[in-house]
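For reference, the structure discussed in these notes is given below.
The values are calculated or read from the model by the stated rules, or taken from the named source; none is laboratory data. Note that this is a predicted model, so its numbers are computed, not measured. Methodologically, a virtual Cβ is constructed for each residue, glycine included, from the backbone with ideal geometry; neighbour enumeration extends over all protein chains shown. Keep in mind that these areas ignore ligands, DNA and RNA; they rest on the heavy atoms of the full protein, side chains included. Shrake-Rupley method; radii C 1.70, N 1.55, O 1.52, S 1.80 Å.
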Amino acid sequence: MSEATDDHLIEQTRHGDRVAFGELIARYQVQVYHFSRRLLGSAEGAQDITQDVFIKAFLALDSWRPDAAFPAWLLRIARNACLDVLRAQQRYPLVALDSQAEQLIADSANVEEHAIHAQRLETLEHALFELSVEHREILILRDIEGFSYQEIADLLDINTGTVRSRLSRGRAALMQKVNGRATYD
Amino acid sequence: MIEHIEKQWLSEYLDEQLSSSQQRRVQEHLAGCLTCQAYMRELQQLQQDMQMLKTTECAIDVRAQTLAMLADLAPSRRHKRWSSLEYGAAVASVFCGLLIGSWLMPAETAPSFDLAFVQVLGAEPPGFLCSTSAYCYLEPKK
């Protein structure tokens with residue numbers, strides 16, 4: 001991948017440089033895909049949405065403001081697309097794990113250790129899928145994607161106070177599902 | 001009965017989002033409360049595990065399909081916005097066109113009062129106001 005900034009690649013894209021846009025896709029496709037996969041609960045649906053996100057982004061590039069972070073803008077488009085799908089389906093998303101935790105196998109010399117890690121992460125993915133969309137998306141954005149409270153507030157169109165309370169409740173709900181026991185009150 | 005720290009405070013403490021005074025209060029409480037310490041450890045472990053999910057993400061590549069789909073879209077779907085200079089030039093062109101047009105158009109002078117009076121009545125005798133003046137009193141032919 002090149003070292004050109006997002007702003008530069010976006011400007012090149014606006015002038016008709018499709019190679020520059022390909023570079024942007026390469027940078028953010030994994031992030032968009034896994035965000036969509038976790039929010040939607042479907043790997044196949046996530047791939048379609050990932051393509052859809054970049055096409056919508058390409059067509060709307062004129063409306064992107066340089067003061068907004070490009071990946072946050074992409075995830076905002078992805079979130080809206082996922083919510084549309086979830087509303088259309090009107091059902092709880094299917095749990096379709098891709099054994100993401102298997103990536104640990106290559107890095108761990110201890111077979112038993114990696115099996116424990118893999119199991120824990122698989123449990124975590126399952127538990128994440130069982131949360132409400134509200135809790136799931138905020139946990140993904142904060143604890144997996146690493147966005148700041150303000151960035152999350154902007155992306156979800158809520159205030160930072162709501163981010164704080166929703167994140168706290170989401171973490172408590174996830175812990176309860178993962179650990180299978182009630183936390184203190 | 002021990003009053004525990006609010007879970008939301010512990011969540012914000014994990015993310016370093018508390019004010020200095022709030023941080024101190026949480027730290028002081030954690031020093032003496034095993035229940036809150038346990039909750040804090042669970043929160044930290046949960047966050048570490050969530051971050052681990054990020055590092056284990058498999059790669060995908062939708063570049064080729066996406067760029068192919070973009071190539072199929074009509075070029076006119078992407079409209080280049082005019083710059084303010086281009087807008088200004090367009091407005092100036094229209095204004096100049098109107099100005100030049102108004103100079104080239106012959107000026108219409110209003111007729112004098114006497115001439116206007118005669119024009120209303122016409123130079124011809126009153127009878128001539130009727131297109132078939134000589135026959136207008138006759139009944140139409142059957």
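When Rg and Dmax are taken over the Cα atoms of segment B:7-55, they come to 11.7, 35 Å. Among the residues of segment B:41-60, those with an accessible-area drop of 40 Å² or more from chain alone to full protein complex, heavy atoms and 1.4 Å probe, are B:E42, B:L46, B:D49, B:M50, B:M52, B:L53, B:K54, B:T56, B:E57, B:C58, B:I60. Per-residue shielding of A:144-153, expressed as the average number of other chain Cβ atoms within 10 Å of the residue Cβ, stands at 2.
Computed with a 1.4 angstrom probe on protein heavy atoms, the B-A interface buries about 4600 square angstrom of accessible area in total. The alpha-carbon positions of segment A:1-96 define a convex hull whose volume is 91 Å³ per residue. Applying Stokes-Einstein at 4 °C and 1.567 mPa s to the Kirkwood radius of chain A, computed over alpha-carbon pairs, gives a translational diffusion coefficient of 72 µm² s⁻¹. For segment A:1-96, relative contact order (Cα pairs under 8 Å, six or more residues apart, normalised by length) works out to 30 percent.
Comparing A:E125, A:E151, A:E112 in a Gaussian network model of chain A where C-alpha atoms under 10 Å apart are linked, the largest mean-square fluctuation is found at A:E112. One chain, two ends: A:R65 and A:Q150. Fully extended at 0.36 nm per residue, the span grows by 28.9 nm beyond their Cα-Cα distance. Using a probe radius of 1.4 angstrom, the carbon and sulfur fraction of the accessible surface of segment A:1-96 is 51%. Helix A:70-89 against the longest principal axis of chain A: what's the angle in degrees, Cα atoms only, rounded to the nearest 10? The helix A:70-89 is inclined about 60 degrees to chain A. Couplings 3J(HN,Hα) of segment B:14-22, computed from phi: 4, 8, 6, 10, 8, 6, 4, 5, 5 Hz, in residue order, whole Hz [Karplus 6.51 cos²θ - 1.76 cosθ + 1.60, θ = phi - 60°; x for Gly and Pro].
FRET efficiency for the A:E44 to B:T35 pair, using the beta carbon distance and R₀ = 41 Å, is estimated at 0.40. Using Cα springs under 10 Å in a Gaussian network model of chain A, which residue among A:I158, A:I140, A:I77 shows the largest mean-square fluctuation? Between A:I158, A:I140, A:I77, it is A:I158 that shows the largest mean-square fluctuation.
Within 10 Å of each Cβ of A:26-38, how many other protein chain Cβ atoms are there on average?
Other-chain Cβ atoms within 10 Å of each residue's Cβ, averaged: 3.
With the simple model of a label 7 Å out from the Cα in the direction of the Cβ, A:N80 to B:V94 spans 3.0 nm.
Considering only A:S42, A:S132, A:S63, the mean-square fluctuation computed in a Gaussian network model of chain A, springs between alpha carbons under 10 angstrom, is largest for A:S63. For segment B:7-55, the solvent-accessible area works out to 54 Å² per residue, with a probe of 1.4 Å and every protein chain left in place.
Probing with 1.4 Å while keeping every protein chain in the model, the per residue accessible area of chain A equals 46 Å². What the phi angles of segment B:91-104 give under the Karplus curve with 6.51, -1.76 and 1.60, with θ = phi - 60°, is a coupling list of 5, 5, 5, 4, 4, 5, x, 5, 5, 5, x, 5, 5, 6 Hz, glycine and proline written as x.
In segment A:114-128, comparing the full protein assembly with the chain on its own, the residues that lose 40 Å² or more of accessible surface at a 1.4 Å probe are A:R120, A:L121, A:L124.
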